[in-house]
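Heads up: the structure comes next, in structure tokens.
The values are calculated or read from the model by the stated rules, or taken from the named source; none is laboratory data. Since this is a predicted model, take the numbers as computed values, not measurements. All Cβ positions, even for glycine, are placed from backbone atoms using ideal geometry, and neighbour counts span all protein chains on display. Note: accessible area is taken over every heavy atom of the protein model, side chains too, but ligands, DNA and RNA are not part of it. Shrake-Rupley method; radii C 1.70, N 1.55, O 1.52, S 1.80 Å.
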Amino acid sequence: HRTTTHGTSLAFVLASLLYTTQPSMAATTQHWQPTKATPGIALSDGSMHPAIGYGTYKVGFVPASASAAAAGQQTAGAEGPSARDCVRQALDVGYRFLDCAQFYGNEAQVGAAICESGVPRDELYLASKVWTDNIFAGREAVRAQVVKTLMDLGVESLDLYCVHWPVPGKHVDAYLELEACQREGLIRSLGISNYALEDYLELMQKATIKPVVNQIEVNPFLYRRRTLAAFEAEGVKIQAYRALRDGKAFGDPVVAGIAAAHGRSPAQVLGRWCVQKGCIYIPKSVKRQRMIENAQVFDFALSDAEMTALDGLTTEAAVGAFAHLYRTCVNRDTPLAGTLDGVKMEITEW
């Protein structure tokens, strides 16, 4: 394990935080700042967030309860190039925001890639999320997972940490524990993920610190404009996952036509749409050339007519499928998995 300037094991220092509420002495560092290659987005807490990041979900590892694995469409476990190799390449081609999570099962490999990359800590923006099992288990489990992520990534603090799903009856306490971790210097900014507007309003009845982001699926085929507008009004920025729809929409005639008109790839059109919507764009690929291609979205613009055409690709069926997935996932990997116990049946779907 890495050691502090006083020779104490970093693992020992972090582990001790499990049993104390005293403020930590985590080292203060400079934080990520925008560059020409990576523009920034200002968050409500005054920090800056990269406009683009590298997603690590299913990079080198497929979780057993991932949707595709659970449906038998994908094999759980190790798969393809290692997360260590992929993240090292992502850093090499210029990505500086790494979107991580307990659920992704690869944070130790991400940490190894960071260590090997030679990229200074203050040039990185590191984010993670606590999964439903620990959210359900309670505040001690949430704190323990924060410490584990810090150790796996090999850092003393995180730029952003989120509650991954609004587990009924449990997510508010999980967030309150993250507030405590923030006060101790372990986390800089707090966020949420997969929250419906109603979950956010429930959270804010007890939270004392407003989340700066909500990570949800956003793309032209799932453009929930009322939800996005509501969070924007609250000062909560949107991190967009599945912005490229896992490549499943590249052949759509509207997307392909706009791509041809600009001499760009369908992925770049979807990414640019996301950027112009003001969302934080998180593409993912295990191939170096695709990593480069996906990031080339800041040197062209879509017209109003093109944006409107892409906006119109969301269907009622897609929104209905989202609502079903939400109700299925909030209790996933908890003792209430497979039930609707506590699940909000009336949410803002669009």
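Considering the options Val212, Ser128, Gly251, tell which one lies farthest towards the positive end of the dipole of the chain, charges being +1 on Lys and Arg and -1 on Asp and Glu at the Cβ, about the Cα centre.
Checked the options; the winner is Gly251.
Starting with the highest mean, order 309-315, 242-248 by the number of other Cβ atoms within 10 Å, averaged over the residues of each peptide. All intermediate terms of the calculation are to be shown ahead of the outcome.
Numbers: 309-315: 16.0, 242-248: 17.9.
Order by mean packing, descending: 242-248, 309-315.
Going by amide H atoms built from the backbone, whose H comes under 5 Å of the H on Ala196, apart from near neighbours?
So Ala196 has HN proximity to no qualifying residue.
Determine the per residue accessible area of the stretch 199-291 with all protein chains present and a 1.4 angstrom probe, expressed in square angstrom.
Values: 3780 Å² over 93 residues.
That works out to 41 Å² for each residue.
Please tell me which of these pairs span more than 19 angstrom C-alpha to C-alpha: Lys36/Lys248; Lys248/Lys277; Lys170/Lys206?
Working: Lys36/Lys248 31 Å; Lys248/Lys277 21 Å; Lys170/Lys206 12 Å.
Beyond 19 Å between Cα atoms: Lys36/Lys248; Lys248/Lys277.
Pairs of Cα atoms under 8 Å, at least six residues apart: use those to get the relative contact order of the chain, whole percent. If you can, show how the numbers build up before the last one.
Working: 628 pairs, mean separation 57.4, N = 350.
RCO, the chain: 16 percent.
Which value, in debye to the nearest 20, describes the size of the charge dipole of the chain about its Cα centre when Lys and Arg Cβ atoms bear +1, Asp and Glu Cβ atoms bear -1, and nothing else is charged? Don't skip to the answer; put the middle values down first.
On the way: 33 positive and 36 negative charges, 91 e Å.
The dipole magnitude comes to about 440 debye.
Please work out whether the stretch 46-186 counts as rounded, prolate or oblate from its C-alpha gyration tensor, where a ≥ b ≥ c are the square roots of the eigenvalues and a/c under 1.5 means rounded, while otherwise a/b larger than b/c means prolate and anything else oblate?
Values: a/c = 1.95, a/b = 1.09, b/c = 1.78.
Note, shape of the stretch 46-186 comes out oblate.
Give the residues of the stretch 312-350 whose amide nitrogen is closer than 14 Å to a point set 7 Å from the Cα of Arg226 in the direction of its Cβ.
Under 14 Å, as judged by backbone N against the label point of Arg226, lie 316, 319-320, 323, 346-350 of the stretch 312-350.
Helix-only estimate, please: 222 nm mean residue ellipticity of the chain, summing -39500 (n - 2.57) across DSSP H runs of length 4 or more and dividing by its residues, to the nearest 500. Provide the component values of the computation, followed by the final result.
Details: 14 runs with 133 residues, N = 350.
Using -39500 (n - 2.57) per qualifying helix, the result is -11000 deg cm²/dmol.
With an 8 Å cut-off on Cα pairs and a minimum separation of 6 or more residues, tell me the relative contact order of the stretch 210-343 in percent.
Numbers: 155 pairs, mean separation 32.9, N = 134.
Dividing the mean separation by the residue count of the stretch 210-343 yields 25 percent.
By its C-alpha gyration tensor, with a ≥ b ≥ c as the square roots of the eigenvalues, how is the stretch 136-182 shaped: rounded for a/c under 1.5, else prolate for a/b larger than b/c, else oblate?
Details: a/c = 2.12, a/b = 1.91, b/c = 1.11.
It comes out prolate by the Cα gyration axes.
Could you please state, rounded to a whole Å, how far the C-alpha centre of the stretch 301-317 is from the C-alpha centre of the stretch 247-264?
Centre-to-centre (Cα) distance: 12 Å.
Shape of the stretch 145-222 from its Cα gyration tensor (a ≥ b ≥ c, root eigenvalues): rounded if a/c is under 1.5, otherwise prolate when a/b > b/c, or oblate?
Details: a/c = 2.08, a/b = 1.35, b/c = 1.53.
Taking the square roots of the gyration eigenvalues as a ≥ b ≥ c, the stretch 145-222 is oblate.
Given the options Thr149, Thr339, Thr38, state which has the largest fluctuation in a GNM of the chain using a 10 Å cut-off (strictly under) for Cα springs.
Thr339
What whole number of Å gives the distance from the Cα centroid of the stretch 226-241 to the Cα centroid of the stretch 178-208?
Their Cα centres are 15 Å away from one another.
Contour minus end-to-end for Gln205 and Ala64, with contour as 0.36 nm per residue of separation and end-to-end as the Cα-Cα distance?
Working: separation 141, 0.36 × 141 = 50.76 nm, distance 3.40 nm.
Once the chain is fully extended between Gln205 and Ala64, it gains 47.4 nm.
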